[in-house]
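Single-structure report; data block below.
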Amino acid sequence: MKKLVFIILCMLPVGILVAQDLTVDEIISKNLKAIGQDKLMNIQTIKTTGKATQGGMELLITEIQKSPDKDRQEVEVQGMKMIIAIEGETGWIINPQTGSSDPQDLSPEQMQSLIKEGLSDPIVNWDNPFLKWKENGIKIDLIGKEDMNGTPVYNLKFTFKDGYVVNYYIDAEKFIVLKSKSTETEQGQTYEREIRYSDYTDFDGILNPVKIEVLVNGQVGTVGIMDKCEFNIPVNDSVFKKPAKN
């Protein structure tokens, strides 16, 4: 009898581990629950403010998003303010560093890049790739469970409809995204991009990372810190419209 009990006890950890293995659907479901999916579904506008450091410079950043496809970003650096806005499939930019304060249309390539970034960004918004991955034709492969600096994570490979691939590393206990990795090509140059998400904070029942680090080929390029995040504030559509030239 004692031998039988010992054998059963030895088998229990294995059984527990097997029971804890999750499917893609279960991992996605737990992630959405962790970040506050119920409240996320009722969001119509998002406003975030913060700062970033890049190349020794500090940038002040304000972003306003409005469902379903409007986005405006203001970046102030060294007393100059750059504005980028998109509405659907069109957008414009004001960049004083070009020597002009007049708005210019974004090129199709620039729009494609911005839309791609938005659709693959796991930060809280209505384009979150975890939210409607089946409807959006995204293929997800569970690469496996890995160790990331002592933290067990699930590695999920997302293949978007256009063939773009991003790997997301999800905390196996808290089910928040800790990192993403992708191969990017810009102006004929290919590089590896890694984005690290940390310091998750509850903003009105929705979980968002306060710190975001962007690495290019293993080197830290940009570090962003979110100071404030507001939901469902009044936003007039006019802020996304292209202003007249001076």
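The values are calculated or read from the model by the stated rules, or taken from the named source; none is laboratory data. Note that the structure is a prediction, hence the values are computed from the model and not measured. Cβ atoms come from the backbone with ideal geometry, glycine included; neighbour counts cover every protein chain shown.
When you scan the range 31-46, how many residues do you find that are at pLDDT 90 or above, surrounded by fewer than 18 Cβ atoms within 10 Å (Cβ to Cβ), of a type outside the set (A, V, I, L, M) and closer than 15 Å to TRP133 by Cβ? Residues flagged as at pLDDT 90 or above, surrounded by fewer than 18 Cβ atoms within 10 Å (Cβ to Cβ), of a type outside the set (A, V, I, L, M) and closer than 15 Å to TRP133 by Cβ within the range 31-46 amount to 0.
Taking the criterion of being over 14 Å from PRO122 (Cβ atoms) and either in a strand (DSSP E or B) or in contact with a strand residue (DSSP E or B) (Cβ under 9 Å, 6 or more places away or on another chain) (or both), the residues of the range 175-187 that qualify are THR183, GLU184, THR185, GLU186. Listed by first and then second residue, the pairs linking a residue in the range 118-139 that is on the phi > 0 side of the Ramachandran plot to a residue that is in a loop (DSSP other than H, G, I, E, B), with Cβ atoms under 6 Å apart and 6 or more places separating them unless they lie on different chains, are GLY137/LYS161. The residues of the range 206-229 that are acidic (Asp, Glu) and either in contact with a helix residue (DSSP H, G or I) (Cβ under 7 Å, 6 or more places away or on another chain) or within 13 Å of LYS181 (Cα to Cα) (or both) amount to a single one, GLU213. Of the residues screened, MET111 is not one that is surrounded by 15 or more Cβ atoms within 10 Å (Cβ to Cβ), within 30 Å of LYS245 (Cα to Cα) and more than 19 Å from the chain's Cα centre (by Cα).
Checked against the criterion of being polar (S, T, N, Q), closer than 24 Å to THR48 by Cβ, within 16 Å of the chain's Cα centre (by Cα) and surrounded by 13 or more Cβ atoms within 10 Å (Cβ to Cβ), the candidates SER198, SER180 yield just one match: SER180.
If we keep just the residues of the range 59-72 that are within 17 Å of LYS228 (Cα to Cα) and free of Cβ contacts under 8 Å to residues at least 60 places away in the same chain, which is surrounded by the fewest Cβ atoms within 10 Å (Cβ to Cβ)? Checking each candidate, the answer is LEU60.
Among the residues of the range 226-238, those identified as part of a strand (DSSP E or B) and either surrounded by 15 or more Cβ atoms within 10 Å (Cβ to Cβ) or without any contact (Cβ under 8 Å) to a residue 24 or more places away in the chain (or both) are MET226, CYS229, PHE231. Are any of the residues in the range 126-133 among the aliphatic types (A, V, I, L, M), surrounded by fewer than 17 Cβ atoms within 10 Å (Cβ to Cβ), under 16 Å from the mean Cα position of the chain (by Cα) and more than 21 Å from GLY224 (Cβ to Cβ)? No, the conditions are met nowhere in the range 126-133. Residues of the range 105-162 that are acidic (Asp, Glu) and either under 24 Å from ASP202 (Cα atoms) or not in a helix (DSSP H, G or I) (or both): ASP105, GLU117, ASP121, ASP127, GLU135, ASP141, GLU146, ASP147, ASP162.
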